[in-house]
Amino acid sequence: VQLQAYGGGLVQAGGSLRLSCAASGSIFSINRMGWDRQTPGKQRELVATITSGGTTNYADSVKGRFTISRDNAKNTVFLQMNSLKPEDTAVYYCRVRMADTSNTYWGQGTLVTVSS
């Protein structure tokens, strides 16, 4: 299974970005999809997750600003990020968990930089 993430970049505080991540390869069914992020010197942290049924979960720091969604037909997960803050600066990693094997896969990461 391969994950390809898109959409990172440089944005001013208050701006928006939309991340996309498409899964490909030997895929039977994806259960949970999500995004994590990591900054230098810190542990990777959960940003948002979404189940196959559409139930979402968010880190408190992004609630009300970020929205996760998915396109099951295209095995793709999205993260709409609004009202971005400098503290959102991080490398964002997409993550998928297979329904049949429970294996988890991560994408290569995409850098989001929010300037003040």
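The values are calculated or read from the model by the stated rules, or taken from the named source; none is laboratory data. None of the values given here were measured: they were computed from a predicted structure. Neighbour counts run over all protein chains shown; Cβ positions are idealised from the backbone, glycine included. Surface accessibility is based on the protein's heavy atoms, side chains included, excluding ligands, DNA and RNA. Shrake-Rupley method; radii C 1.70, N 1.55, O 1.52, S 1.80 Å.
Could you list all residues from the stretch 95-106 that are among the hydrophobic types (A, V, I, L, M, F, W, C) and open to solvent by less than 60 Å² (accessible area, probe 1.4 Å)? Listed by number, the residues that qualify are V96, M98, A99. Taking the criterion of being surrounded by fewer than 14 Cβ atoms within 10 Å (Cβ to Cβ) and either touching a Leu at 6+ places or on another chain (Cβ under 9 Å) or touching a residue at least 40 places away in the same chain (Cβ under 8 Å) (or both), no residue of the stretch 44-58 qualifies. Counting only strands (runs of 3 or more DSSP E) that sit completely within the stretch 1-71, those holding 2 or more residues that are in contact with a Phe, Trp or Tyr (Cβ under 9 Å, 6 or more places away or on another chain) and not aromatic (F, W, Y) correspond to 2-6, 17-24, 30-38, 45-50, 66-71.
A count restricted to the stretch 59-94 and to residues that are farther than 17 Å from T39 by Cα, open to solvent by 20 Å² or more (accessible area, probe 1.4 Å) and among the hydroxyl-bearing types (S, T, Y) stands at 3. Quick one: would you say V62 is within 10 Å of the chain's Cα centre (by Cα) and at pLDDT 95 or above? When the stated conditions are applied, V62 does not pass them. Taking the stretch 75-112 as the range and being part of a helix (DSSP H, G or I) and at pLDDT below 95 as the test, no residue passes. For the stretch 107-114, check the following and say yes or no: at least one residue is farther than 16 Å from Y6 by Cβ and surrounded by fewer than 15 Cβ atoms within 10 Å (Cβ to Cβ). No; the residues of the stretch 107-114 include none that is farther than 16 Å from Y6 by Cβ and surrounded by fewer than 15 Cβ atoms within 10 Å (Cβ to Cβ).
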